[in-house]
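The values are calculated or read from the model by the stated rules, or taken from the named source; none is laboratory data. Everything numeric in this text was worked out from a predicted model, so none of it was measured. A quick note on method: Cβ atoms are made from the backbone with ideal geometry, for glycine too, and the neighbour counts reach across all protein chains shown.
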Amino acid sequence: MLVPELLLEKLQDLTNENYKTFKWYLAMKMVDSCKPIPKSKLEGQDRMDTVSCMIDSYDEAMAVKVSVAILRKMNVNNIADDLEVKFEGTPKGGEEEKLFHLNSCLCHWTQDMKDHTFVLL
């Protein structure tokens, strides 16, 4: 799953009231190395727009870090934990393309090996 999809999934797990609180925290400094997102950018934004805004303001990894910090502040630890665990399993920095290439090579190799017979010595 891509990071934007993962963030959207977790925001969809929030009630409307919790989502409103989440956006309120985004306008505050939650992580030392991140500037708050201006309230004007968050007003009227739905969950998809908020994910896009977070990724535009931070990179994907930092958007996850900020989201986890906010979710913990809100005491929604089950969603924060799930986000962390799922993020750890997502490919990063071009890994998705590398995995696709590796899988493709493996498929071709397996197909080529079908035509060969191996003899055990």
Checklist entry - Only one of 20, 35 is part of a loop (DSSP other than H, G, I, E, B) and basic (Lys, Arg); which? => result 35
Next on the checklist: Residue under question is residue 7, and the condition is that it be at pLDDT 95 or above, out of contact with any strand residue (DSSP E or B) (no Cβ under 7 Å at 6 or more places or on another chain), surrounded by 13 or more Cβ atoms within 10 Å (Cβ to Cβ) and not in a helix (DSSP H, G or I); does it hold?
Outcome noted: no
Item to check | Selection from the stretch 17-51 of residues that are surrounded by fewer than 14 Cβ atoms within 10 Å (Cβ to Cβ) and within 20 Å of residue 2 (Cα to Cα) | outcome: 46, 48, 49
Next on the checklist: Condition check: more than 18 Å from residue 25 (Cα to Cα) and either modelled with pLDDT of 50 or more or of a type outside the set (Asp, Glu) (or both). Does residue 119 satisfy that?
Outcome noted: yes
Checklist entry - With respect to residue 100, is the statement that it is surrounded by fewer than 16 Cβ atoms within 10 Å (Cβ to Cβ) and either in a helix (DSSP H, G or I) or modelled with pLDDT under 95 (or both) true? => result yes
Checklist entry - From 65, 86, 41, which residue is more than 15 Å from residue 8 (Cβ to Cβ), part of a helix (DSSP H, G or I) and within 12 Å of the chain's Cα centre (by Cα)? => result 65
